[in-house]
Structures are given as structure tokens and as C-alpha cells.
Protein chains: 4
Amino acid sequence: MADAGTSNGGSRGAGGPSAFTPAPVAILGPTGYTGLELLEIILRHPGMRVEYLGSAREKQPRIDAEFPRLVGRLRGASGTINPQCEPLDHDAIAARCRLAFLCLPHEAAMEHTPKLLERGVKVVDLSAAYRLKDPSVYEKAYGHHHSDAKNLEHAVYGLTEIMREQVARARLCANPGCYPTAAALALLPLLRAGVIEPGGLIVNAASGVSGAGREPKPNTTLVEAGENFSAYGIGVHRHQPEINQTLHLGTPALRAGVHPHGVLFVPHLLPIERGILETIYATPTSGKVDTARVMDVLTHAYAGEPFVLPRTDAPTLHDVQRTNGVHINARVVSGRVVIVAAIDNLVKGASGQAVQNANVMLGLPETAGLA
Amino acid sequence: MADAGTSNGGSRGAGGPSAFTPAPVAILGPTGYTGLELLEIILRHPGMRVEYLGSAREKQPRIDAEFPRLVGRLRGASGTINPQCEPLDHDAIAARCRLAFLCLPHEAAMEHTPKLLERGVKVVDLSAAYRLKDPSVYEKAYGHHHSDAKNLEHAVYGLTEIMREQVARARLCANPGCYPTAAALALLPLLRAGVIEPGGLIVNAASGVSGAGREPKPNTTLVEAGENFSAYGIGVHRHQPEINQTLHLGTPALRAGVHPHGVLFVPHLLPIERGILETIYATPTSGKVDTARVMDVLTHAYAGEPFVLPRTDAPTLHDVQRTNGVHINARVVSGRVVIVAAIDNLVKGASGQAVQNANVMLGLPETAGLA
Amino acid sequence: MADAGTSNGGSRGAGGPSAFTPAPVAILGPTGYTGLELLEIILRHPGMRVEYLGSAREKQPRIDAEFPRLVGRLRGASGTINPQCEPLDHDAIAARCRLAFLCLPHEAAMEHTPKLLERGVKVVDLSAAYRLKDPSVYEKAYGHHHSDAKNLEHAVYGLTEIMREQVARARLCANPGCYPTAAALALLPLLRAGVIEPGGLIVNAASGVSGAGREPKPNTTLVEAGENFSAYGIGVHRHQPEINQTLHLGTPALRAGVHPHGVLFVPHLLPIERGILETIYATPTSGKVDTARVMDVLTHAYAGEPFVLPRTDAPTLHDVQRTNGVHINARVVSGRVVIVAAIDNLVKGASGQAVQNANVMLGLPETAGLA
Amino acid sequence: MADAGTSNGGSRGAGGPSAFTPAPVAILGPTGYTGLELLEIILRHPGMRVEYLGSAREKQPRIDAEFPRLVGRLRGASGTINPQCEPLDHDAIAARCRLAFLCLPHEAAMEHTPKLLERGVKVVDLSAAYRLKDPSVYEKAYGHHHSDAKNLEHAVYGLTEIMREQVARARLCANPGCYPTAAALALLPLLRAGVIEPGGLIVNAASGVSGAGREPKPNTTLVEAGENFSAYGIGVHRHQPEINQTLHLGTPALRAGVHPHGVLFVPHLLPIERGILETIYATPTSGKVDTARVMDVLTHAYAGEPFVLPRTDAPTLHDVQRTNGVHINARVVSGRVVIVAAIDNLVKGASGQAVQNANVMLGLPETAGLA
């Protein structure tokens, strides 16, 4: 992109520093891992400031009591943050913030989003509430009624590299799921270029345990998850319809009808804190599709993109952890296209992409605050 | 010891194999980590067989549904185990078992122990219920009333190497805590030999997360406990009075009165499954006490002991994990005696020592089933 | 000992304990991870004793100096092991041992195997030297000349469950690779039953770091491999031809000709010590092939097998670590057969299967020493 | 950028943004872990730019080939970094840089430092070369001759909070060791206030594996270091004399003579990437010294310090990892003062403190670039 970087506080450049006021934003539900990650990112952001921490708990906590690593570190690049969480008061949020990041459960997101939009607050929703266009698909995947079909219609799916223009105009951005982000960025250019078949796609994925949230569960203790590895939700994970929808809507040639089975998505649980690696298997559309061709497609698709890196060797999770980067390698071997994509599930797979979307929605440089 | 090893199924030798019947035992509360460890140990035991798995849950589980790693592996060295847990029926246990291992909460242990003893079942209790001789000390440390002072009197503290003769005659064995096992085996010989001062002892310890049990807790998830390390219960941990009691009672010269502050015990939480390493600081009783002298004391104290290994270099946890071993190094440096002791908290610190005690109580070779 | 373990040291029963002499064996190259694992297994073996530890190092080490966890633990179920390694003296080995386990580099295995066989010593070779039937395939995969084509001809590929009869008659057993063991046991029954297509198979695998050996490498340090995950050797790993050969030779219908590309094998490096999980993708041969059918095939194929467990839910690595078990789950979803297989790479994937093969070769109970 | 970050690029304020030019610096030896950490910190620094990456390797690498996570991320807050490493050319460095960070081996640091100082380049040396004032103490601890006694005399020990004024005037800053940083910041205020005895101090410390550097070693592989814990260098570690010197020189009352044995320092190796936790034991100078008093001393000593946080509960490593923070808890229990201090060994224990010192030396805001 043009003037990426932490430059001038407004994507169209212009004014001197005196003209500059950091955009005030709210984080609703800051006590989970995506909330903490958002906070740490925005602390380094030269053009955004956390003005409001909103908690649904009866007794609102101090955020630095929840996360002692924040004590003394709430003086950010754009001002100091008040550590005291406040109630989810829509009027107060609207009075003080231009945009709200929602790190709430799906159902709570559907409750608060309409009230914030009504009051003119832009919303980046990190839940799954507004990701699936068809409420019946949503209801089947998530097991509860979709209570805000009205806003679902205009919600923009915030896969920034693909949807940048729509995000810029959005009032409500549905921040993509972690697994779908990596899968879609890896596959869309290849599908659009017609070098891989739309049918028979297999997304074999592995994620760190932070993807399961902060709530302790029997299978997420160190003793159970440590030194372990397993597949789960084989072919029935909630992110499978999201991947299918994105590939379907994102590929003009597919809109008429996708492979009846769609993508097969098989996630695994890694014994680490963070990171997603997806090893994706596709069928080349012809014998002429070779490694050079698939890498060429990716390289052209992501030329100028600050966060997506096509590379000729396979990435590791260390290459992307704690960055907003997406590293993608593709090759043709044994008659298959094998694509390996790596992201940090808490950054590009959640809070980093949320800030990227917010930057675009607020007219800030897209890379501001993101490393 | 005399005929250690998995030899002849009776410590006094005698009969041929036809005379041999594995001792039937019960495990009560087998669904926690110490229960699983007990089961895996006894599966390899040539002279002991798990006859009864007793669960306090309303609906008794199959143990191989709780722990799928047991499926197909319940054919042990001394017969096959029935995976179906049964209720805590004292009469049934007495009818079928010679000894019961109790892996129950402290309060449940005090409830079931008297009923088993009455029926002639020997008990090895892995809870803390019978470790502290003074009920008021117990109540202060554990925060609830001690409801079985009667059996407390004759309970034998099962630090096998130190209490072997008493254990052999015991009907009720209080299996020592994990931290106290390492601390007492490291310190008692040096205190008895008069080479270290009884006052000012510091036990700096670190344990794997399995020590916190199988129940998920906010600080034991992989995300929280992984890549982390911290001190807890500084000077106020429940094992501090247990260590003090053992050193006091185990050292003739101390019985008249110990240092007013006793031991200072500072445990830490390691980001691993299992293992305890204790780095212990003591003051030599004279300038003549050097490394050779303290190692000599340990070597003599543990000559012939199958599980305790005094060594001249510092042990690591890998040296003892999944064994019943206790590795101890001691040296004099900077005017201090520094002792490093390593055990596996689930083996020598719990289920391994429990089997060692049961072996002694049942007249089996002490090392049977233990590696 | 009398009749502990899986009976009496001879698969056809017979004599009393006095008639029983543990089979003396050699471990050549015991200072790596498979050597240590072998030693720990054989220590628990009621019918096998390590008589000879042979090292190629100029100054032969004591094995308990290499691995301090062995100090004091070399008193096994079948006698005590001499910790002192000896030179690779073929005559001495032949004079004292019935069978040798070779944990040597591939090229050293080709050098020593002929000399041991000549002297009447049976060999279980844990290297890759005798796995691939076609020397030219071997040379391409391993990058050096195959110097013992003569013995290659009669070497038996020791995938015990599939090759039991041949193993029983073998003088030289090529112990399978870790990844191929899991892949072949998962796929062969389904290929043989004709429920999956032989073409288009994808084996997506992940292994713990011990699979890379004991030698430190830049990518196996804790800092590099910890909290990380990555694919490597995509479609070009040495185990790919081994998997192809096993599926080809093991499936009568395939012998006439396999899919031109064969299996696509994609291994990944897990941030753990041990364990292999393979997630395998196949195409059902008809729309009638459903989950019940594939599970039924596996259940029948492995009925009575002590180590292979078909199961209806997906296994985790904790279910098989430190056991010789193979847990296999299969299902039909999104038009694919998805199979998940789990083993411990150091046990069923190396030293456990080696002991299983040796048991069969020596007429001992197949499960002896194995949990 | 204008005024993002901790103000305006000069601690004394002054000029507008147009007057602002980021300070050009060199990193010599950037391919180790401290080099990478420095680079990542300075990328976020609003007033510093890496102008020169100097490598001693014959063929200078690209830094983003060494660390693929840097690809596409070298556009920093103060400009873009050239990824190509250059030779260690003192003239070129002097022509282009105001300050050099040395991440070289001790002996190389002594070779290059004089040449850089001669040419007017300020130096922050992250090796141990200039930490110990007495060359004979250095030579005993590090086993080689000190070849630059001349510059040793004026080198300033960069424990910033204690030595701020001297650092501001320094041309050569000896960046403190990781362990000594935590120990000295924890102990100096208490020694100065006279609430703890100078004799009998015990520093029980534990560090992540990154402290051992990037070079693979037999004990730092994931298999050996993972799920492990051990003590090393008990009482003889190189950082023990550094701690002694700092406490001695930093405490006026001690200059006349310290306890004959000095501090006893016992480090341990944690199975994690990064972080140091020190549990320190001291003797209170009187029975009146209680928890309130020791916390009060720390709170006053560090009032206004941006990075040092005295706190009433014990810190964990998660509280400080990837920050420049030092969290310190102290309490009196069982007649002892127990202090727990946590830092990130690669940040406050190395590269973060190096940037903090460089900020002070260059007149930049001390917290610039540091979180």
C-alpha cells in the first residue's frame, strides 16, 4: 500500500502533528486473550487510543489487576489508558469513542452491536456473530438463534487484503475467524487464477491453545495439552462453513456453484500458546501447473501487501508469532498443490486484523500499530 | 536391601511359583493423576493386582474411558484388571482386597479409613489426612477439622527409607507429601550426622503442574502455566509443617527443640508435567564440614538403598522422571551447604512410594513393580 | 521370575521356572534415544536380558554415565545389566548373544549386519538400511550406495502385525520407520478391503523432536523448536518411498501397479519430545462406504491384536506415549475418508516394535516386556 | 513521525518534528538472540534507527535470511533497515553511526570497542568484557586475558536505575548481565536502607534457555531441556562476582568490606525460551523489619521509575516477558526476608536495558522504544 508505516496519522497525509488527535476507541470484553492482545497492540499505535474498557462483569475489574503485566505499561504511544473497566453503557461509549472492538461472546455481540451502530459508533466484532451471511447456516454451526439479521446484511467480512474497499466504507466489520483467515488468504488467489480445482480442498490445520480462550477446560490444562497433539472437530468445526463461504463468495467463477462437499477442514490442537499453521492440499487444474506458477500467482496477488509474504520455503510459526504477518508457501509435488500458511491466531487471526480493519475504517494508515 | 528386585513374590523367599498369588488391592479414587500412576505401576507389578477400583462418583466410570491410554493395557503382570469402577463399598473391598490405596480428598480419606481398618483392610493413604501428628497443626494447615484423631495416633508416616520397620508393622500408612519426601530424604542424614545446623534451613523447591491435581484451574492451563515460572505459598505452604515435623521427629538431637522458625519452604510452579527439584540451603556446623564430608554422610546413609542415589554432580529432573528414584547432590560452597534433590512427584512423591510402602506392609520385595 | 509378565518365556508354554533362561541380546549403538528406550523396555522384560552394549566410540562409555537416570536401575526383571559399553566385536557378540539390536547409522548397519548374520546372530536393524527392497530406491532416498544387497533380499520388513509369520522365520529383520509404521497400519486394511482408492492418498504427519535423534541441530534447540510447528521434507521425505513400498507390497490388488504419484507424505515437527500423529486423507471407493464400514474393516483386521486399537473417537498422543500401542480412528466426512493414527515414535515407531519383532524371532510371547 | 512514542526524540524537548532525525546506530553481531531482540525493539523506536548491521562472518548474511520473521518488517518507526549485514569496518561505522551495540563474544568486544571509541562512536557492550572492574577477577571468571584494561577504567556499568547520571556521561557502557540485573535491583535498596544484612545472601535464580545463546548445545535441545529443570554452576557461575561487585560498590556502607563469602548464587535452567525469576533470601537486620517495611523501602526507592514495579504479591514470568519491566516482591517470613524478582533475560536482562542505556547516552527519552 501507498504510505503504510506509522507515518502521519491520516492515510491521506496532510496536516502537521498539531492537527493530529489519536482516534478514541473502546474495547468491550477486554479480559480475554484477544482483549489483552488488542490492548498491547493499541498501546504501540501512534494514532489510536483506548478510551473505554467495557466489561459485562457485575463488578468491573481493573485491567491491570487481571493482567499484572500491564501495570505501569498503560502509557501508550497515543496517551495513557485508564485501567478501570466500566459497564457496557452504550451512550457513554458513543459519547467518547469513534469505534468499538467487541471481544464478547457471540450472543452478547448480537445484543450490543445494534445499540452501538444506532449511536454512530463503528464496530469491529471479533466474535462470529456477523461472519456467516446466511442466518440458518449460522444457527446450525453455533447452535443458537441469530438475533440481529438486520445488521448481518450490511456487515462487511473483514478479510482486509480481499475486502479493503468494503471495509473502508463499513460501519460494522465482522472480523474473520483465525483458521478462515489463513485458509482464505492462501486459497483465494489460486482459485481466482484458476490454477487449483475448487473441489476436493483439504485444510489440515493446527492451532495453539489460546484459540480455545481463557476459560480453563479439562483438555487445556498444561498436563493434558502439554506434550500432546490431537485432531478435533474433524469435518464439523464451526469454521468450515466460514471457509466455504469466503472461498465461494471470493471467487467469481465459483459463485454459480461450489463442489458439493466444499472444503474439508481438520483442525488440531498444538501444545503451544499461539500460532496457526495450515497445510492445505489442492488439485492442480492441469499438468502445466507447477511450483513456479503457483508461487507466481501468490506473488502477484500480494505484491505491495505489507502483511502477506509469499515465500519459496515453508514457514514456521516462529516466523509470524506476535506479528500481523501471513507467510505462505506453495509447491506442486506428487501431483498435488501443497500450500503451507502460517499466522498468529491472536494477531492476524484476531486482534491484529481487527486493528488493521479499524485503521481502514478510520482512515488511518493500514499498518499503524502493527508490526 | 536383601533380595530386592522382582524376584520371588515374597520377601522371605520360600515357595515356588505355584505358591504365588498376587496380593489383591483396591485403588479408591483412581480418576486423578496419582490414581492413574498407581494403576500403571501395579500393572507391571509381579506380586500385586488391582482387584477393586472404587469411585465416589454417583455414576462410576470405566477407568479406560477416563484414560483412553489404558484401553487394551489392563492385562498386567499379575492378571487382568476390571476397568469398571465400583462404589466405595467397605464390605466388598474387605472381602476382596488385602490393602487399599486411598487417592481421595483429605476429608474423604478420614471418612473411609476407619471403616476399612475396622474390616481388616490395610490402608496406604495418599492424602494429607494422617501425616501431621498434631490435629491442631493439621487443622491450621488444611482449614478443616480432623475427624479421626483415633487412627492418627497409630498411623505410620511412610517415608520408607527412614521408617521401614514401622511401615512393616503398620495397618495405616500416611504416604508422605511430594515436597516433604525430597526435603526429608535430603536433610535427615545431614542433621543426624550433625554436619548442618538445624536452624535457618531454606528449601527452595519447584514442581511440575501435575502436583496441582487434575481439576482445571485458572493458573494451570497451558496458556497460563506454559512458558512461565513463579513462586507461591511462600513460607505458608501446607507442606512446611510436614517438613518441620519430619525433621524434628527424625532427628534425635532435635526432639528437645527445633529452631523457632523451623524450615523456610518456598515452592515454585514449573511449566512441565512432572518432577520436583529442591535446592536446599543449610549452614555447616563447622568450618571443617566440606563437600567430601557431606557427600560421605549421604553415601553412608543410603548405602544399600535401591532408590536413593547420592551423586557428586547435580541431578536433573530427566534423571528421575517416571522412576522411584531420589537423586541427591550436596556440596559446600561460599560457606553454605547446598543440596539438590530430585524426584518424580507422581512416583516417589506419591504413587511409587505408596507401592513401596504397600510392598513393605504386605511382605513383598520392596522394589517390586518399581523401576 | 516365575510366571510374571505375559507368561513363561516361551510362547508354547512348557517348562517350569527353573527351565527358564532369559534370552541374551546385544544393543549396538545404545547411546542414542532408541538405544535408551530399548534398554528401558528390556529392563522390564521377563524373558530377555541385555548381555552386551556395543559402542563404536573409540573410548566406550558407561551407559549410566551417558544417561544418569539408569544409575542403580540396571537390575532388570531378567537380571542385571553391565553398564560398561564394549567395542563392536562380532565374535564376542556371537559368543554371548542370540540376537542383536542395531541402533547404528544406516551405513554402519550395512557393515556390521553381514558379520553378525554370518556368526549366527539374529539381527533387528533399527536403521533404514534394509527397509527398501530396491537398492536404487534406497540410494536415491538416502544418498549413498547400498553395500549389502545380498542380505537385503532375505531381510524381512518387521511390521509385526502384517508380517508376523515372516518375522518368525527371519534372521534379519528391518525394523520399520516411525512414520511408515503408523501410515501402513492405518491404511493397509482399508486398501485390502477395497474401501479406499489406492490413488490420491495424503499422509499428513507430525512427530516429536526425538525423531531427529540426539545430536543437537540448529532447529532442534528448545528455543527454536519450542512453541513452534512447521512442515518439512514436503513430498520428498525418505519415508515416502518406504510407505509406498509397504502399501504396494502389502495390498495384493496393488501389486500390478500403484497410482503413479503414490502417497503424498508431509511430515511436521511438533514442539514435544515424543509421539507421532498422522491425519490421513483417502477417497472412498463408493458412496456406500461410510464411517461404520471403515471402522468395521479396521476392527476386524485388528481383532485379537494386542497393540492396535481401532476406536471411534480421535486419539491424542497422550493415549499412546510410552506404550507400544497404535490407536486408529477412521470416519467418512465431506466425501473423504479421514483416518487419524497415533503412536509413540520411540516405542511402536522404533524400540518397542523392535522388541516385538525380537520376541517373535526368539519364540517369546509377543507382548513380553511391552506395555 | 511527529510526536508519537514517549515524546519528541530529545529528552530536553526543543525543536519541532521537522528538526527531528532518528539517531543512527549499529548492531554488531546481530545474528544471535540479543541481536534479534535489539532489532525488534529499535524497529518500534521513534528516535533511533539501525543504520549498520555488522557481522564478523566471512560471508555477511542478510538478517532477514537468518530470521525470516523479519522479512517485510524492516520498515520501522524511524525508517527502513537495510537487511544486508556488512563487515566490521570501524571507519564506516563511525561515518554513519552515533552509537554501536556490541552483541559479540567477550574477546571480540575487547578488540572492537577501543577502535570504535577512538573514532568517536559511543558503545553499549552487551558482552561481559567491561563489567568487572578488576581484570584479575575477570580473568578468573572468564578464563582469558583482559586485553583492554585502559577502557575498563572509564566504562560505566549500565544498571540504568542506579547509574543513570554516569550512563548519561558515558562513552562506553558495560550492559549488565541478566542475572545480576535482577539481583542488584532487588537487593541494593534494601542493603542501602540497612534493613537486610550484607552477609549470607542467597540468590536462587532460574532462566529460560535463550540465556545460553543460539548455538546448539547437548543440553539445550528440546528433548534434553524440555520437561526438565536443573541447577548448574552452583556457587561458581560467572555472574556471582558481578553481583558481588555491584552490591559492594552500590552500597556505601559496604565499601569498607563485604561479607567474606559474598553472595551465594545458584542458577537453574528452565524449560522455556525466556525469563528470569530470582528468589532471594536475606537476613533482616532486626526483628522490627517486617513485610511493610521492606516493601516501603522498595516503593520509595523506585518511585517514578518507569520500569521497576515493587508489588505486594509474587510476580510470574508472564508479567514481564517481552517487556523491559522488573517486578519485585518482598516479604518477611519465618525470620527471613524473601524477595522475588522477575525480568525478561533478553529485554531488561540484555537488549532492552541496552536500549534504555543508549537512550540515556544519546539524550533520548529513557523509555523510548521500550514497553
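The values are calculated or read from the model by the stated rules, or taken from the named source; none is laboratory data. As the structure is a computational prediction, the values presented were derived from the model and not from experiment. Here Cβ is always computed from backbone atoms with ideal geometry, including for glycine, and neighbour counts include all displayed protein chains.
Assorted remarks:
- Those helices (runs of 4 or more DSSP H) of segment B:95-172 in which 1 or more residues are of a type in the set (G, A, S) and in contact (Cβ under 8 Å) with a residue 24 or more places away in the chain occupy B:106-118, B:135-142, B:160-169.
- If you check C:R62, C:R69 for being at pLDDT 95 or above and either in contact with a His (Cβ under 8 Å, 6 or more places away or on another chain) or outside the structural domain of C:D125 (by TED's automatic domain parsing) (or both), only one passes: C:R69.
- Some residue of segment D:230-251 being farther than 21 Å from B:T279 by Cβ, surrounded by fewer than 24 Cβ atoms within 10 Å (Cβ to Cβ) and among the polar types (S, T, N, Q): yes
- Any hit, segment B:156-174, residues being under 17 Å from B:H327 (Cα atoms), assigned by TED's automatic domain parsing to the domain that holds B:P135 and in contact with an Asp or Glu (Cβ under 6 Å, 6 or more places away or on another chain): yes
- Within segment B:319-359, the only residue that satisfies the criterion of being outside any loop (DSSP other than H, G, I, E, B), touching a Lys or Arg at 6+ places or on another chain (Cβ under 6 Å) and more than 25 Å from B:G194 (Cα to Cα) is B:D319.
- When A:Y281 is tested against the conditions (1) closer than 24 Å to A:G235 by Cβ; (2) in a loop (DSSP other than H, G, I, E, B); (3) not charged (D, E, K, R), the lone failure is (2).
- Listed by first and then second residue, the pairs linking a residue in segment D:325-339 that is at pLDDT 95 or above to a residue that is buried (at least 24 other Cβ atoms within 10 Å of the Cβ) and of a type in the set (F, W, Y), with Cβ atoms under 9 Å apart and 6 or more places separating them unless they lie on different chains, are D:G325/D:F307; D:V326/D:F307.
- Of all residues making up segment B:72-92, the number that are modelled with pLDDT under 95, part of a strand (DSSP E or B) and over 23 Å from B:M361 (Cβ atoms): 2
- Qualifying residue in segment A:216-231 (condition: within 30 Å of D:R75 (Cβ to Cβ), at the interface with another protein chain (Cβ under 9 Å from one of its Cβ atoms) and part of a strand (DSSP E or B)): no
- Subset of segment A:303-313 that is within 19 Å of A:E366 (Cα to Cα) and without any contact (Cβ under 8 Å) to a residue 24 or more places away in the chain - its residue that is nearest to the other protein chains (Cβ to nearest Cβ): A:L309
- Taken over segment B:314-348, the criterion of being more than 7 Å from chain D (Cβ to nearest Cβ), more than 19 Å from B:N204 (Cβ to Cβ) and surrounded by fewer than 24 Cβ atoms within 10 Å (Cβ to Cβ) is satisfied by B:Q321, B:R322, B:T323.
- So C:A186, is it crowded, with 24+ Cβ neighbours inside 10 Å, in the same structural domain as C:V340 (by TED's automatic domain parsing), not charged (D, E, K, R) and not in a helix (DSSP H, G or I): no
- Set C:V263, C:V294: member being surrounded by 23 or more Cβ atoms within 10 Å (Cβ to Cβ), in contact (Cβ under 8 Å) with a residue 40 or more places away in the chain and farther than 22 Å from A:Y281 by Cα: C:V294
- Scanning segment D:245-274 for residues that are at pLDDT 90 or above, out of contact with any strand residue (DSSP E or B) (no Cβ under 7 Å at 6 or more places or on another chain) and within 10 Å of chain B (Cβ to nearest Cβ) yields D:P271, D:I272, D:E273, D:R274.
- Residue among C:A108, C:A95, C:A168, C:A174 that is at pLDDT 95 or above, among the aliphatic types (A, V, I, L, M), under 22 Å from C:T367 (Cα atoms) and surrounded by fewer than 20 Cβ atoms within 10 Å (Cβ to Cβ): C:A168
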